[in-house]
Amino acid sequence: MDSYLPATNGTMLLAEETEDPSKKVSILCRVLHDPSSSSFTLSIKELAIVNLTEQFMEKNRAVDLCSLLTHLRFFFSLIPTAQTAKVMRRVIDSVGEIPGSSDLQIIICKEMVQWARAERRSLLRQRLEARLAALLVENKEYWEALALLNGLIKEVRRIDNKLLLVEIHLLESKLHVSLGCLRKANAALTAARTAANNAVRVPQDLQGAMELQNGILRAEDKDYNTAHHYFGEAFVCFCSIKEVDPREVLSLKYWLLCKIMVGQGHLVPGILSRVFFTIGCPVPPVLAVLTQAADAVCRLSLQSFKIVFEKYKPELEEDPFVHKHLSFLHGNLLERNLRRLIEPFSRVEIAHVSELIGLPVHHVERKLSQMILDRKLAGKLDQSGCLVIFDNPKTGALHLSTLQTIFIIGKVVDSLY
């Protein structure tokens, strides 16, 4: 082991002035070996850890970051739990920023959970397990994450840690959204709101996370009018935080998406220009997809919408939420264009409709059959490749009364059986 260097401001200044990265890492590591445990020394060591983390992250040295956590266990035994969790979170997040290190993050978290359990640091272990569950959800290991969360919820309820319980229920809600179980996702979000209402104070970032999740659930129910209000509240919460939070742009993106979904796409360019002119920076490229999608919807242009999907394919694949709802909007736009084209006809060849709308025949045929099955179009597709459109039947009072009578008779027969 190298001889240690004293944990002082002078040593940190020496490390900062050193241009050779390997020498800088060596100085910072020797600072961590200082045996002193005074409060000033511990604060200098924490600063050294931050600098070391940045050095390893710049060089994509994920394995060295893992080793750093292992060597810091003695240091963690000298500082409070909250400070330990902060340092651990910083190091684990730094590993996550290195490409292809998601599995390594999970391994680190599992090792630190075992260490916290052996040291009987329950609060730290619970926070690490919550972090581990979040990483498992990101890695799409849903069932392992769900099993971990179920046990964690019972344990945290017993100690009545309200804020940690809010975070866990929020994560549970996100997990159930990924699994497609909206009922359980809503129940988990309700539990998170209940815990937040019983807490003394809820931080703005946690409040914003709840509003963001609420908006996502309302959008999944196709209630875009309500969803856009929740996304707006989330954006305000994240803007009020001093530190830059990536969820700020995310909530703005979802807010603008809902504006497009409710037919207010013409407002999107103005909102973006006002927001980013106020903070004095250009519009991020990640939001350009919404600007062009809004323009295509306003012009009812399927070709422009298709170009948006092809041009911004990587951005759309990174965010399944935006991709899903824009795909739904594309389906609605296609239906509106088809209705407008077939309106003058009582019988028309599908190939002719395909030529007019500029899409493959099989695509148009599949969409028309779906519209007929969903009762959005009164007609049929015959074997000659034509669409036969029926006249809209006028439903009279006698017709409704007859249907109601048949329905009641059916219930009576079922009860007799």
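The values are calculated or read from the model by the stated rules, or taken from the named source; none is laboratory data. If you're wondering where the values come from, they're calculated on a predicted model, not measured in any experiment. Cβ sites come from the backbone with ideal geometry, for glycine too, and all protein chains shown count toward neighbours. Side chains are part of the model used for accessible areas, which takes the heavy atoms of the whole protein and leaves out ligands, DNA and RNA. Shrake-Rupley method; radii C 1.70, N 1.55, O 1.52, S 1.80 Å.
Couple of notes before you dig in:
- Residue, farthest from Leu170 (Cα to Cα), within region 194-216, restricted to residues that are surrounded by fewer than 19 Cβ atoms within 10 Å (Cβ to Cβ) and within 15 Å of the chain's Cα centre (by Cα): Asp205
- Output for region 93-114, where each listed residue is open to solvent by less than 40 Å² (accessible area, probe 1.4 Å), among the β-branched types (Val, Ile, Thr) and touching a residue at least 40 places away in the same chain (Cβ under 8 Å): Ile98, Ile108
- Given (1) outside any helix (DSSP H, G or I); (2) modelled with pLDDT under 85; (3) open to solvent by 90 Å² or more (accessible area, probe 1.4 Å), index of the condition Leu400 fails: (1)
- Top-ranked residue in region 54-89 [being buried (at least 16 other Cβ atoms within 10 Å of the Cβ) and of a type in the set (Phe, Trp, Tyr); ranked as farthest from Thr41 (Cα to Cα)]: Phe56
Residue by residue, here is whether (1) in a helix (DSSP H, G or I); (2) under 28 Å from the mean Cα position of the chain (by Cα) holds:
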{"position": "Glu46", "(1), (2)": "yes, no"}
{"position": "Ile49", "(1), (2)": "yes, no"}
{"position": "Asn60", "(1), (2)": "no, yes"}
{"position": "Leu68", "(1), (2)": "yes, no"}
{"position": "Phe75", "(1), (2)": "yes, no"}
{"position": "Ala85", "(1), (2)": "yes, yes"}
{"position": "Met88", "(1), (2)": "yes, yes"}
{"position": "Val95", "(1), (2)": "yes, yes"}
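- Residue count for region 366-380 under the criterion of being in contact (Cβ under 8 Å) with a residue 12 or more places away in the chain and open to solvent by less than 70 Å² (accessible area, probe 1.4 Å): the result is 6.
- If you go through region 355-365 and pick out every residue that is under 14 Å from Leu387 (Cα atoms) and either at pLDDT 90 or above or buried (at least 17 other Cβ atoms within 10 Å of the Cβ) (or both), you end up with 2.
- Taking region 1-35 as the range and being charged (D, E, K, R), touching a Ser or Thr at 6+ places or on another chain (Cβ under 9 Å) and assigned to a helix (DSSP H, G or I) as the test, the residues that pass are Lys24, Arg30.
- Candidates Glu335, Glu318, Glu349, filtered to the one that is open to solvent by 70 Å² or more (accessible area, probe 1.4 Å) and either under 21 Å from Lys222 (Cα atoms) or at pLDDT below 85 (or both): Glu318
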